[in-house]
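Encoded as structure tokens, the structure appears first; notes follow it.
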Amino acid sequence: MKFHRTLIAASLALAFAGVAQAAVSSNEAAKLGSSLTLVGAEKSGNADGSIPAYEGGLTIAPANFKAGDSMRPDPFASEKPVLVIDGKNVDQYKQMLSATTVELAKRYPSFRVDVYPTHRTVAMPQGVLDNSQKNATGAKSTNGGLAIENVLPGVPFPIPQSGAEAMWNHLLRYQGVTINSKYDSWNVDAAGVATLATTGQAFINYPIYEDLSKTIDSSGVYYQMKLQYTGPARRAGEAIMLKDAANAVEQPRRAWQYLPGQRRVKLAPNLAYDTPNPGTAGAGTYDDVFVFNGALDRYDWKLVGKQDMIVPYNTYRLTYAQDPKALTTANHLAPDLVRWEKHRVWVVEGTLKSGARHIYQTRRFYLDEDSWVALASDQYDARGQLYRGSFAFLSQSYDKQVPDSTPFMIYDLVGNSYNINGVVGPYGGIRYIDPLGKAQWSAESLAGAGIR
């Protein structure tokens, strides 16, 4: 597909690192609300009708939903798959599947992709949509796309002009203001044995959405997360906290860790980039969380374009599953619990910069056009071989106007293992709470919460 500007080469990005990249023209921005939604998705369906037109998303709860509950029934529970993909027919559909999905289908006879009718369920508050429209002509990316300025709380670049801008849309995606859920993280090894990695309380906050009238300061925190581990016994009492700012070049990630054996909170700047995440038994890195998080500075980002993809979507059955053992089968998640649909995605490719360090040489991300959530990714090693692949499981919290992707996972295709994180079904689902006070986001708060 054609883009209105060519991507900036890496050398030019460095040469003009301090120059702000201009927003789109008013003529281009006029598409928002007409042919495009206010977050930049195409309103129309696709040519064969397998992707429907956008009609405002899912804002009415099903009849069996109990008001105020954090467990959300599947509004599409009665539907049947319209297509089943497995190792026998995967080559016929591989252009619409991530490389990881294709590899899993070819490697494991028990793996399959159950494709259901597509529902464009994403809906957001009107204030977030209005801000996204304003951002089209007001928001700017700076430092070669590594930072942003003059961004209102919403999608910063609804008509992205570069891969970095598209990735910022994912990083600042609307997922509510504050989520507090108890969750599990499970590892499944090459022998098919499922092991509980962690149980904990997660507090995830997007402070930028606490005041929709305030632009995001380049030094301000747009995302913060606090995890307090309660199990298993070997990890009970541990706690970590992370904070990411809108200009990671000037304000890198701040992170703290509390270990009960040391009885003190310490700075933990290594909880970023490709540092192995201990909760994944080595299958994932810290920047694999939610498919991607953290700073953009180690990669050159290319906006490849848009395409129709078969991805996990409207995954209520998985998100709210109450029995993790039924979910964590050998080699891959239980196919019966994973719903797949065809949706349009933005494809963004990151290539490791010369002189930068990371275990992934190339990363390819698939960003949902309606929510900007990274639904899937493929990671390649220095030899160009497929190494790992991630998925996020999107469901609309229809009672809150919030698209959620709390559960996420990663397959290690070399180690033949996988991790799924954010398993909230056994503990009552996804809860939205009022923002915590400033004291609860201080480093000192970790010590009090982590004592055992």
- Using the charge dipole of the chain (Lys, Arg: +1 at Cβ; Asp, Glu: -1 at Cβ; taken about the Cα centre), state which of Gln161, Gly305, Val249 has its Cα farthest towards the positive end. Val249
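Let me know the shape class of the range 61-134, please: from the alpha-carbon gyration tensor, a ≥ b ≥ c as square roots of the eigenvalues, rounded when a/c is under 1.5, otherwise prolate if a/b is greater than b/c, or oblate. Each step should come with its number before you reach the end.
On the way: a/c = 3.02, a/b = 1.66, b/c = 1.82.
It is oblate, given that a/c is not under 1.5 and a/b is not larger than b/c.
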- Message: Taking the alpha-carbon distance from Lys94 and a cut-off under 23 Å, which lysines remain once sequence neighbours fewer than 8 residues away in the same chain are dropped?
- Response: Lys80, Lys106, Lys302, Lys306, Lys342
- Where a ≥ b ≥ c are the square roots of the eigenvalues of the C-alpha gyration tensor, would you call the range 27-88 rounded, which needs a/c under 1.5, or, failing that, prolate if a/b is larger than b/c, or oblate? oblate
- Task: Quick one: pull the percent of accessible area on the chain belonging to carbon and sulfur, 1.4 Å probe, ligands and nucleic acids left out.
- Result: 53 percent
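Can you give me the accessible area per residue for the chain, using a 1.4 Å probe, in Å²?
Values: 17740 Å² over 452 residues.
Spelled out: the 1.4 Å probe surface of the chain, per residue, equals 39 Å².
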- Task: Enumerate by residue number the GluC sites (Glu not before Pro) in the range 40-93 meeting two conditions: DSSP loop (anything except H, G, I, E, B), and at most 16 other Cβ atoms within 10 Å of the site's Cβ.
- Result: Glu55, Glu79
- the chain shape via C-alpha gyration tensor axes, a/c threshold 1.5: rounded
- Query: Among Ala61, Gln95, Ala330, whose Cα lies farthest out toward the positive end of the dipole of the chain, if unit charges sit on the beta carbon of Lys, Arg (+1) and Asp, Glu (-1)?
  - Reply: Ala330
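Please list, by residue number, every one of the chymotrypsin sites (Phe, Trp or Tyr not before Pro) in the range 326-372 that is coil in DSSP and has at most 14 other beta-carbon atoms within 10 Å. Intermediate results must be reported in sequence, preceding the final value.
Numbers: sites: Trp340, Trp346, Tyr360, Phe365, Tyr366, Trp372; in loops: Tyr360, Trp372.
Within the range 326-372, no chymotrypsin sites (Phe, Trp or Tyr not before Pro) qualify (loop, at most 14 other Cβ atoms within 10 Å).
Place a +1 charge on the Cβ of each Lys and Arg in the range 60-184 and a -1 charge on the Cβ of each Asp and Glu, then give the dipole magnitude about the Cα centre in debye, rounded to the nearest 20. Intermediate values should be presented prior to the final figure.
Values: 13 positive and 11 negative charges, 27 e Å.
That gives the range 60-184 a dipole magnitude of about 120 debye.
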- Query: What 222 nm value per residue comes from the helices of the chain, counting each DSSP H run with n ≥ 4 as -39,500 (n - 2.57) and dividing by all residues, nearest 500 deg cm²/dmol?
  - Reply: -3000 deg cm²/dmol
- Note on the structure: Using alpha-carbon coordinates alone, the radius of gyration and Dmax of the range 264-398 in Å work out to 16.1, 50
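Taking R0 as 35 Å, what's the FRET efficiency between Ser213 and Leu267 from their Cβ-Cβ distance, rounded to 0.05?
Numbers: r = 34 Å, r/R0 = 0.96.
The calculated FRET efficiency here is 0.55.
Within a Cβ distance under 10 Å of Lys306, other residues only, what is the Lys/Arg minus Asp/Glu net charge? Write out the running numbers ahead of the final one.
Details: positive: Arg344; negative: Glu42, Asp308, Glu369.
That sum, taken over residues with Cβ under 10 Å, equals -2.
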- Quick one: dipole size for the chain, taken about the Cα centre, charges +1 on Lys/Arg Cβ and -1 on Asp/Glu Cβ, in debye to the nearest 20. 700 debye
- So how far, in whole Å, is the C-alpha centre of the range 205-241 from the one of the range 404-421? 22 Å
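The values are calculated or read from the model by the stated rules, or taken from the named source; none is laboratory data. Everything quoted here is computed from the prediction, not taken from an experiment. Glycine gets a Cβ as well: all are built from the backbone with ideal geometry, and neighbour counts include every protein chain shown. Just so you know, the surface numbers come from the protein's heavy atoms only, side chains and all, with ligands and any DNA or RNA stripped out. Shrake-Rupley method; radii C 1.70, N 1.55, O 1.52, S 1.80 Å.
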